[in-house]
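No lab work stands behind these numbers, since they all come straight from the coordinates. Quick caveat: nothing in here was measured; it's all calculated off a predicted structure. Reconstructed Cβ throughout: ideal geometry from the backbone, glycine too, with neighbour counts over all protein chains shown.
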Amino acid sequence: MIETVKKERKLLKQLMRESDKYDHGFIPIDNKHVNMQNYYFRELCQKGFIKTAEAKYETDAWVDPKPKSIQLTNLGKHYFEHRFEVTKELMFKSFWLPIAVAFVTSLLTNGVLYTIRLLLK
């Protein structure tokens, strides 16, 4: 799982909500949540959660690619589902499983001690 900080997750959620408002999930660059200079926005791009769609403007001697919109990738769209599954698995392995093992061990230990006491009487 790709590690993210809270501000990246918050921005990703905002972008998910915004992408639902537009056809095909393309969010225009002039949207208030899209700030290409924002550190967290660039981190999301770098990690592959969002991608830019570029429009090429041709001038006399060169082509100037300028992003006109952004779009969430499949990784970005389903990040929170994956994060929930990983958290659920971690809770099972690190919390519930040790409690169950301790409970069963206590029952077995107390059961053996109780049986020994009954046999010695």
Relative contact order of region 6-120, pairs being alpha-carbon contacts under 8 Å that are 6 or more residues apart, as % | 21
Mind sorting out which of (i) 60, 49, 31; (ii) 66, 25, 19; (iii) 103, 27, 19 is the real Cα extents along the principal axes in Å computed from the coordinates?
-> (iii)
Just rank Ile29, Ile50, fewest to most, by other beta-carbon atoms within 10 angstrom.
-> Ile29, Ile50
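If a/c stays under 1.5 just call it rounded; otherwise compare a/b with b/c (prolate if a/b is bigger, oblate if not). Do that for region 61-121, with a ≥ b ≥ c from the square roots of the Cα gyration tensor eigenvalues. Mind showing how you got there, number by number?
Numbers: a/c = 13.32, a/b = 8.06, b/c = 1.65.
It comes out prolate by the Cα gyration axes.
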Positive-end residue, the chain charge dipole about Cα centroid, Cβ charges, pick of Val112, Cys45, Asn74 | Val112
Taking the Cα centre of the chain as origin, work out the dipole magnitude from +1 charges on Lys and Arg Cβ and -1 charges on Asp and Glu Cβ, in debye rounded to 20.
-> 800
On Cα atoms only, tilt of 79-91 relative to the major axis of the chain in degrees | 20
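Counting other beta carbons within 10 Å of each Cβ, put Ser19, Ser106 in order, fewest first.
So the ranking, lowest neighbour count to highest, is Ser106, Ser19.
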Once amide H atoms are placed 1.01 Å from N in the peptide plane, what residues at a sequence separation of 5 or more from Ile70, or on another chain, have their amide H within under 5 Å of its amide H?
-> Ile27, Ile29, Ala53
